[in-house]
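Please read the structure below before turning to the comments.
The values are calculated or read from the model by the stated rules, or taken from the named source; none is laboratory data. Everything numeric here is computed off the predicted structure, so don't read it as measured data. All Cβ positions, glycine included, derive from the backbone under ideal geometry; neighbour counts span all protein chains shown.
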């Protein structure tokens, strides 16, 4: 049976990096005796220009019917573009019922010089950031404006429900069972009632998972932000709400020196996952064959592991990326000279 993959190239460098991801999947199909059926649809500015909306019902229906969705990038490419990228991605995630983001960060020794951190601080860094998608500012936000004594007052309400918190925490604890067995809850329980709920539920779940060898701790966001720079190797699985998760995602990108090498998976308890590289449209290099394809190719590994449950193929993709880096192959944003196509070809050549 063929696995149905919907590809949403999107804007900017999106078409270039999704083409790279598709090439890797096609190669995986040949080498691992699995078949894929690819369908491609417009999203973002490309969809708005043709259909008048950034995400059509036809596209969303196709995504619901797929086994997985590969997204390139959504957002402004020129000054005339006006698609709010967060709104489009939220609509896609909401339509597919996903609720947790997974962002794996592993610093390869061959590219430690790319990071602004000293190499000795990057040894052994292998962490997984797990955060909420549906609750809080990241997924559901109440806004209102009112006048108070002649002054404009703007109010944003951060909210979440216990079941939303619990299901994300379960993901974090279950994934820790497959890793080094440590979970760090990052919150602002000293200030936010929302964070107090996260901590309360983490304490209850932590007791249930302790019998399975899981260690857990909580850490205030300010402290976590500092330790991600000073001792990043101490983290295994980090779990947090959506707003703090988006902030920390930008910080962990600095560990590898570029957002171009990071993949993001949005998953739920059923249905297709959404896989997207973290780098965004990168309007300044769109169409120039200079985008880093590694984030999109790492998305392929996540897709194979979490949506198609093919761990062997996922491991092969990750090994091919590492082998290419060890051989000195580097894209432009990591100080190299290889184009998007050339970097992709080097990775494919090392697939076994």
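If residue 18 meets every condition in (1) in contact with a strand residue (DSSP E or B) (Cβ under 6 Å, 6 or more places away or on another chain); (2) more than 15 Å from residue 303 (Cβ to Cβ) apart from one, which number is that one?
Just one mismatch for residue 18, condition (2).
Being farther than 30 Å from residue 118 by Cα and in contact with a strand residue (DSSP E or B) (Cβ under 8 Å, 6 or more places away or on another chain), is that true of even one residue in the range 213-234?
yes
Looking at the range 16-24, can you tell me whether even one residue there is in a loop (DSSP other than H, G, I, E, B) and surrounded by fewer than 20 Cβ atoms within 10 Å (Cβ to Cβ)?
No, the range 16-24 contains no residue that is in a loop (DSSP other than H, G, I, E, B) and surrounded by fewer than 20 Cβ atoms within 10 Å (Cβ to Cβ).
Does residue 345 satisfy the criteria of being free of Cβ contacts under 8 Å to residues at least 12 places away in the same chain and either in contact with a helix residue (DSSP H, G or I) (Cβ under 9 Å, 6 or more places away or on another chain) or closer than 29 Å to residue 174 by Cβ (or both)? Working first, answer last.
Values: free of Cβ contacts under 8 Å to residues at least 12 places away in the same chain: yes; either in contact with a helix residue (DSSP H, G or I) (Cβ under 9 Å, 6 or more places away or on another chain) or closer than 29 Å to residue 174 by Cβ (or both): yes.
Spelling it out, residue 345 is indeed free of Cβ contacts under 8 Å to residues at least 12 places away in the same chain and either in contact with a helix residue (DSSP H, G or I) (Cβ under 9 Å, 6 or more places away or on another chain) or closer than 29 Å to residue 174 by Cβ (or both).
Of the numbered conditions (1) touching a strand residue (DSSP E or B) at 6+ places or on another chain (Cβ under 9 Å); (2) crowded, with 20+ Cβ neighbours inside 10 Å; (3) under 18 Å from residue 277 (Cβ atoms), residue 40 satisfies every one except a single condition; which is it?
Going through (1) touching a strand residue (DSSP E or B) at 6+ places or on another chain (Cβ under 9 Å); (2) crowded, with 20+ Cβ neighbours inside 10 Å; (3) under 18 Å from residue 277 (Cβ atoms) one by one, residue 40 breaks only (2).
What number of residues within the range 52-69 satisfy the criterion of being farther than 18 Å from residue 90 by Cβ and either surrounded by 14 or more Cβ atoms within 10 Å (Cβ to Cβ) or not assigned by TED's automatic domain parsing to the domain that holds residue 295 (or both)?
4
For the list (1) under 20 Å from the mean Cα position of the chain (by Cα); (2) at pLDDT below 95; (3) in a loop (DSSP other than H, G, I, E, B), I need the number of the one condition that residue 179 fails.
Condition not satisfied by residue 179: (2).
For the range 217-236, name all the residues that are in a helix (DSSP H, G or I) and closer than 25 Å to residue 196 by Cβ.
221, 222, 223, 224, 225, 226, 227, 228, 234
Please determine whether any residue of the range 131-150 is surrounded by 17 or more Cβ atoms within 10 Å (Cβ to Cβ) and assigned to a strand (DSSP E or B).
The answer is yes, given that some residue of the range 131-150 is surrounded by 17 or more Cβ atoms within 10 Å (Cβ to Cβ) and assigned to a strand (DSSP E or B).
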